[in-house]
Structures are given as structure tokens and as C-alpha cells.
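**Student:** My structure is below; once you've seen it, I'll send some questions.
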Amino acid sequence: MVREPLMSGFPPAAESRVSLANWQDPPYNRWSFQHLRELISTQRISRGPDPWRDLPHSGAGPVLDDITVHRLAGHDSTFAEVIAETWTDAVVVLHDGQIVYEQYLNGMTEKTPHLLMSVTKSVVGCIAGILVEQGLLHPDVQASSYVPEIVDSGYDGATVRHLLNMRTGVAFREEYTNPDAEVRVMERYMGWRPGEDHDEARGMYFYLTKLGSDTDHGGPFAYRSADTDMLGWICERAAGARMADLISLLIWQPMGAEFDAEITCDAVGSAIHDGGMSARARDLARFGQLVLEDGYVHDNCIVPERWLREARALDPDIRGAFAASDSEPVLTGGWYRNQFWFVPGPLGDIQLCLGIHGQMVFVDRATRTVAVKMSSWPAPQDATVLIDTIRAFVAAGRHLSGFTGQADARSVHGPIGLVEGRDRGRS
């Protein structure tokens, strides 16, 4: 049991010490998610020299704390109770581009970086979209055309589009509680866990070349972090630049970030594309607003509008692939495309960037609401907390936009599914 504050003392006491062996476990993750650069090598994502994009605070805006949220367990609570009960480190809510709610907990401030986990995937997906628009990347070309090292691996024959939509046939288990699952073994090569037999010295890309196949490419959606790492490697090869610099030059600087961000890298300097970014909450809100605005900041197109429109289009093949997946019972009626999640909401589809342990960017186009939540859940995944958080942000958006009535997240599609919107078939 940890009695002293984490990492307290000179040196820290053994029972409070955070290390590679425990940093993702509770309670150590409550410290490590805000201090990852002290544990793992990182590369800087520069915000550049230009002024940041202002996020004005709404003057006498509506108060969200007391609005009603219908919880998955069947009872009503307040928005404030959802935030307090879900291991929140930071939350920022924007409406029409203005901050209407901002709160920092667990020692965080507006200047504290926080690990984004797989929210990083959506940023990398936008990098891919920009490179496609520039003619440097082609979605229907085989991945091995950019990275010939994967010939004869499980990725042989997969296209860039298969990676974007996580529909490869690669044998990769995303089982966070199984130390032998590929997602956890890969962490040794990433430098996220203590290595065995010098795994960390070989690097993550080496591990990707050794993955085998499980089924044909193009089948059902299956969440595989390795697919995003493969996609990031291809983006670097296509652009001739490392991911930290691509994010800086193509997104972070032009969107007007207030602070530098960072991304962890392995022992050979390869960025961890699937979940290595750390950033401040307001800058993540700026990214969410960029998505809401179809990739524009004022009149400057940063992420191609057609790329974002394609992602949120309800394509029957994409929807069917999701309906056949293990994610359907949780985010019922949704889909995954171009490294974004989508679920139906009461007024339209909700776009999400999600990371384990409770990282989220929520974009509701119908109510012009963007919400960011940074968390340190004890467990990597918690469907109840996830759905309650989405419902809280849906309720906030409806309140901010003046919508009233009965569409309050009470009806569900399936055993856990959110969601209150259009009835949606499974194919």
C-alpha cells in the first residue's frame, strides 16, 4: 500500500516510487500520466513561434455542474458528480469555440502535460489525411510499398486503408490485462515496460516486422494499436520526416497550440504513434475544435475537409465491419474510420478520440460542443465510466444549445450501448 505521496522524498521512498514496471498501474498512474517525460524518452512537438489561437472564456455562461445526467446504472446524477466519480485529472468544455467549463484536479493545472494514450491515434490519422491531400500517401496502395521491411510479415498485403480503419488480418491481441498479449509484449520494444533479452534495444518497428497473420485483410474491425504504429511508420517514410516534426509542422503550429507537446519514442528514436503523445488540456480542446470546424482555423485549412467528411460518413461496409466486432455492444450503432470513433447521439453522430484509462475528445457537431477529459482510471477500460462520460458531455451540449425534451440518453441499443439516436441496423 502506498502511504507517502508518490515520488516524494530524496530519493523517493520505495513504496511511493513510480517506475517502468508500475507506471500504468493504480495508484502510480495518477502521477505518471502527468510526468511521463521523467520515465520514458520523449521527442518535442514544437508549437512554433507564432501566437497561439485564443480560446476565450464565455462571460456569464451557463453552469454545467448541476445539469442532469442519466447514468448507465439507471439512476440520475449531476454533471459534477460524473466528473468527480471518474478519476478526472482535467476537463475542458467548449461551446461555439469558447471555454464554458474548465476544471483541473489531482494536482493538474492548465500548464501540466498529460498522457493522451490512444487519442494520439486520431492525431496520426489527421497527419495521414494531410499527406494524402499532398499526394505523398495513397490509401489503396499496399503498406509494403512504403515499408518493404514488412514483406513476409502479417502486414504483407495490407493496404494503407486497412491500417486507417483497423481492418488488417494481423495477429495482435489488444488485451490489456494479459501480460502475454501482443499489445503488452510490444510495450517492451517501445520502452514502455522493462525489456527482456534486450527487446527495447531493437525498437518497436522491429517488433512490427515480426507479427504474424490471423485472418484475411479487410475483414471485421478489430482494435489493434499496432495498426496505428504501422500507419505512423508509413507516414514518416512517405513524408521523409519523423512523426514529432510532422505533428508540429502540419497540425500543432498551424492550429495555434499554446504549448509544446511531446511524444514518447523507443530506444532507436521511433515515435510511439499509437498512444505516446502528451499535451495540455486546452491544446487538446483546440484540436477538437479543429475537427469540429472541418479542419479549418479561420480561413486556413489544416486538415483536409474531405478527409474528415469521409471519416464521419456512414458507409455500409465500415458500419458492417464495426457491427461484427467486439466494440459493437459498447458503442452500439457506431463505427471506426480514419482513426476516429463515431457513435449515434440524440441529435446526430458524435465523433470521439479515445484513449485507455479515460482520455477523450468529444465532438458534437449538432450542438457545436467540444469536450476534453484527461483521466487516470484504475483500469485501462471501463465501459460504464466511458458511457457515463459520453452521456455527461451529450447532456452538456444539449444544455448549452438550449435543447430540452425527452431525448436524454435513456434509450439504448443493446446491453451497454449509448445511444439515443436513430435506430441503426447491424449491417
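None of the figures in this text is laboratory data; all of them are computed from the coordinates on show. This structure is a prediction, so every number in the text was calculated from the model and none was measured. Note that each Cβ is placed from the backbone with ideal geometry, even for glycine, and that neighbours are counted across all protein chains shown.
**Student:** Which ordering of Tyr189, Tyr176, Tyr104 is given by a fewest-first count of other beta-carbon atoms within 10 Å?
**Tutor:** Fewest to most other Cβ atoms nearby, the residues stand as Tyr176, Tyr104, Tyr189.
**Student:** If the reach is capped at under 21 angstrom between alpha carbons, list the lysines near Lys121, excluding any in the same chain fewer than eight residues apart.
**Tutor:** Once the sequence-local lysines are set aside, what remains near Lys121 is Lys373.
**Student:** With viscosity set to 1.567 mPa s and temperature to 4 °C, compute the Stokes-Einstein D of region 216-285, Rh being the Kirkwood radius across alpha carbon pairs; µm²/s, no decimals. The partial results should precede the final answer.
**Tutor:** On the way: Rh = 13.4 Å.
Estimated diffusion coefficient is 96 µm²/s.
**Student:** When only Cα pairs under 8 Å and 6 or more residues apart are kept, what is the percent relative contact order across the chain?
**Tutor:** For the chain, the relative contact order is 22 percent.
**Student:** Something else: Largest first and in whole Å, what are the equivalent-ellipsoid semi-axes of region 1-76 based on the Cα gyration tensor, each being the root of 5 times an eigenvalue? Please report the intermediate quantities before stating the final value.
**Tutor:** Working: eigenvalues 227, 139, 33 Å².
After scaling each eigenvalue by five and taking roots: 34, 26, 13 Å.
**Student:** Another question, if that's okay. For Ala201 and Arg306 in one chain, what is 0.36 nm times their gap in residues minus the Cα-Cα distance, to one decimal in nm?
**Tutor:** Full extension of this stretch gives 33.8 nm more.
**Student:** Next question, about the same structure. How would Ser32, Ser327, Ser77 line up from fewest to most surrounding beta-carbon atoms within 10 angstrom?
**Tutor:** With the sparsest Cβ surroundings first, the list reads Ser77, Ser327, Ser32.
**Student:** When the Karplus curve 6.51 cos²θ - 1.76 cosθ + 1.60 is applied with θ = phi - 60°, which whole-Hz ³J(HN,Hα) does each residue of region 136-142 get, with x for Gly and Pro?
**Tutor:** Running phi through 6.51 cos²θ - 1.76 cosθ + 1.60 with θ = phi - 60° gives 8, 9, 10, x, 9, 8, 5 Hz.
**Student:** Please list 253-264, 363-374 highest first by mean number of surrounding beta-carbon atoms within 10 Å per residue.
**Tutor:** Ranked by mean Cβ neighbours within 10 Å, highest first: 363-374, 253-264.
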